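The numbers here are math on the coordinates, done by the rules we state, and not lab data. Everything numeric here is computed off the predicted structure, so don't read it as measured data. With ideal geometry, Cβ positions are generated from the backbone for all residues, glycine too; neighbour counts draw on all protein chains shown.
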Amino acid sequence: MEVLQFMIDNRTVIADRTLEHIAIVSVAVGIAVMTAVPIGIAITRSKALADAVLYAASMMITIPSIALFGLMIPLLAPIGHGIGYVPAVIAIILYSQLPIIRNTYTALADVDPALREAAKGMGMSRMQRLREVEIPLALPVIMAGVRVAVVMNIGIAAIATYIGAGGLGTFISRGISQSDPRQLVTGAIAVSLLAIFADLALALLQRALTSKGLAGRPA
Amino acid sequence: MIELDRLTKIFEGPQGEVPAVCEVSLRVPAGEICVFLGPSGCGKTTTLKMINRLIEPTSGSVFLNGEDTGKVNPITLRRSIGYVIQQIGLFPNKTVGENICVVPDLLGWDRRRARARAAELLEMVGLAPDSFMDRFPNELSGGQQQRVGVVRALAADPPVMLMDEPFGAIDPINRAGIQDEFLRMQERLKKTIILVSHDLDEAIKMADRIAIFRSGKLQQYATPSDLLAEPANEFVQDFLGSDRALKRLSVISVASAMLRDVVTVSPEDPVANLEARSKHPGREVAVCLDDAGRPIGMVKDLQLVPSEGPVKAHMQAAEPVVQAGDDLRTAVSSMLAQGTSLAICADEAGRFVGLLTWREVVAAVSGREASI
């Protein structure tokens, strides 16, 4: 009850923090899509390259986020962004690479070779094959990777409050330092709800982007 | 016209060079269907894919209407050749209409012209454009998908088509129907077609010429009839099977085998007149025609017929009647079903044109005079 009262009293602050949170994750994952999808496409040309890139991306995800934030302070300090929004966004871009690269690579590798041959035999260039056939077919799986990245990084962005990036993590960190369960629970619930709604919104986007001809196929 | 000149492909395998196709030379005249036939791994598909350069030849050349394909941009080349694969390969993310319009769109056709062409092609294979144009491939049956796959290859009206086991994925009952439909289409379109198959019966049915492959080498290149009559070597003979003489029945038309010089009478003629005309060997039968020339009966064993009264008093039913345009296999089947040793041959209008007996069948299949 106390928590509910706290939420109602602080609704404008919660809304501001939520927007900050969304700003960090959406910008970071947006940039990550623009890097990871082309990387995922590029590595389909060489198995050895694909293994190396996926290995590096897997390594990246094993670094604890708090350690990554710490590492970036001396690196980004010379350009005046040792803490705050910029290192938070960079960390999330890095963490997003693995799910998006891996799903893009797997989905493209799984495209029926007969379709690829039909497309090639009808006179499509490599770019046309990607645009007209392979990416539309891979899209549900690529989007699934984006959803994983978003949900995972909504959690990681909460930790970025410790380097002053703001967001819903602020409630959690203050709740801990001030031994105030109201703030702690509010932050935790808000982060969870944001993750759930973001996932639902992306599921709808995925459905809208996927050709109706692919309905009923495993994504 | 398609011409292959000493076309060769050698693959680099882990155990060194693997020759897949060796010095294959042949020429497919414009408007004909050539079937590449052979067991799996004989190089027929590799040869096919060298024509649209999905596989680059190690040596040798391919000429399409006299033009060396090695000098053409492969993408431009492929857009000018219809290509059908066994797995059909319709793009599941595109509607039927979009699938058919792929090559026209690549060639930059006007959108409306491409759609009109797609509708026309769907109509041609009996799929109503209104209901099929905007469906997705997963809403179609296998046979419908196959039809769309074939018309997609025809969309930009290419003079040449390459078909890699195009009817392989269809159940046998529908396959015969789609083959017939395709042959009727080809009657009108007169494309130059190379079709890969491992099915001898399909090859005999579809081909103007058959090229038989074994281990990358061309064994024989001939019309189905010549191939069945004179296999070039033991491999071809084995491949054609011990019943190849029976298979020949389906490549010979009734019209080319039947006896044309037959005694015909009208039902009112007196039987007495028949006797004088019945002395020639092989003419023991008189066929009785109505005023329009249609067979209405026949008189067999002329010597035994009493020489009184009109023909109609002595005639038997004119059965079976076979079409002159049919092949001998169909005609012989009718004769066997009726239990007779002769069949009356009629044209499309039902008019009598000749007579078929075992003597003609044996002579046509064996190429020799029958000794019966």
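Taking the charge dipole of the protein assembly as shown about its Cα centre, with +1 at Lys and Arg Cβ atoms and -1 at Asp and Glu Cβ atoms, the residue from B:Met50, B:Gly108, A:Val33 reaching farthest to the positive side is A:Val33.
Legend: mean number of C-beta atoms from other chains within 10 angstrom of residue C-beta atoms, peptide B:82-91, equals 5.
Screening chain A for whole DSSP H helices of 27 Å or more along their axis (Cα) with average Kyte-Doolittle hydropathy at least -0.5 returns A:11-42, A:85-109, A:135-159, A:181-209.
In chain B, helical runs assigned H by DSSP with n ≥ 4 each contribute -39500 (n - 2.57); averaged across all residues and rounded to the nearest 500, the mean residue ellipticity at 222 nm is -9000 deg cm²/dmol. Relative to the Cα centre, the charge distribution of the stretch B:2-249, modelled as +1 at Lys and Arg Cβ and -1 at Asp and Glu Cβ, gives a dipole magnitude of about 520 debye.
With K and R counted +1 and D and E -1, the other residues having a Cβ less than 9 Å from that of B:Leu195 yield a net charge of -3. Placing +1 on the Cβ of every Lys and Arg and -1 on the Cβ of every Asp and Glu, with no other charges, gives chain A a dipole of roughly 600 debye about its Cα centre.
Longer than 20 Å from Cα to Cα, which of B:Lys9/B:Lys191; B:Lys205/B:Lys247; B:Lys9/B:Lys71 are they? Say none if no pair is. Flagged as over cut-off: B:Lys9/B:Lys191. Measure out, as a whole number of angstrom, how far apart the alpha-carbon centroids of the stretch A:1-76 and the stretch B:154-194 sit. Between the Cα centres of the stretch A:1-76 and the stretch B:154-194 lies a distance of 53 Å. Seen from all directions on average, the stretch B:1-135 presents a Cα convex hull projection of 10.5 nm².
Based on the alpha-carbon set only, what is the convex hull volume of the stretch A:110-219 divided per residue, in Å³?
Here the figure is 119 Å³ per residue.
What order do you get for B:Cys288, B:Cys22 when you list them from fewest to most C-beta neighbours inside 10 Å?
Fewest to most other Cβ atoms nearby, the residues stand as B:Cys22, B:Cys288.
So if I take the alpha carbon set of chain B, get Rg, then get Rh from the Kirkwood formula, what is the Rg over Rh ratio? Rounded to two decimals, Rg over Rh is 1.09.
Under the convention that each Lys and Arg Cβ holds +1 and each Asp and Glu Cβ holds -1, the size of the dipole of the protein assembly as shown around its Cα centre is about 1760 debye.
Dividing the C-alpha radius of gyration of the stretch B:141-208 by 2.2 N^0.38 Å, with N its residue count, gives 1.04.
For B:Gly108, neighbours were defined as the other residues whose beta-carbon sits under 14 Å from its Cβ, and their charges (Lys and Arg +1, Asp and Glu -1) total +3.
Given springs between every Cα pair under 10 Å in a Gaussian network model of chain A, which of A:Ile39, A:Ile61, A:Ile79 has the largest fluctuation? In this elastic network of chain A, the residue with the biggest mean-square fluctuation among A:Ile39, A:Ile61, A:Ile79 is A:Ile79. Ordering B:Val18, B:Asn174, B:Pro29 by the projection of their Cα atoms onto the charge dipole of chain B, which places +1 on the Cβ of Lys and Arg and -1 on the Cβ of Asp and Glu, puts B:Val18 at the extreme positive end. With labels modelled as points extended 7 Å from the Cα through the Cβ direction, what inter-label distance (nm, one decimal) is found for B:Asn65 paired with A:Leu71? That separation, rounded to one decimal, is 6.2 nm.
Calculated FRET efficiency, B:Asp290 to B:Ala245, Cβ-Cβ distance, R0 = 30 Å: about 0.20 to the nearest 0.05. Cα centroid separation, the stretch A:151-190 to the stretch B:332-372: 94 Å. Here, the protein assembly as shown is characterised by an Rg to Rh ratio of 1.22, where Rg is the alpha-carbon radius of gyration and Rh the Kirkwood radius. Give me the distance between the Cα centres of the stretch B:1-20 and the stretch B:81-113, rounded to whole Å. Rounded to whole Å, the Cα centres lie 30 Å apart. Give, as a single signed number, the net charge of other residues whose beta carbon lies under 14 Å from the beta carbon of B:Pro224, with Lys and Arg counted +1 and Asp and Glu -1. Net local charge, B:Pro224 excluded: -2. Would you mind checking the tilt of helix B:328-338 against the longest principal axis of the Cα atoms of chain B, expressed as 0 to 90 degrees and rounded to 10? So the inclination is approximately 50 degrees. Between the exposed loop cleavage positions of chain B, defined as GluC sites (Glu not before Pro) in a non-H, G, I, E, B DSSP state with at most 13 neighbouring beta-carbon atoms within 10 angstrom, the longest gap is B:1-267.
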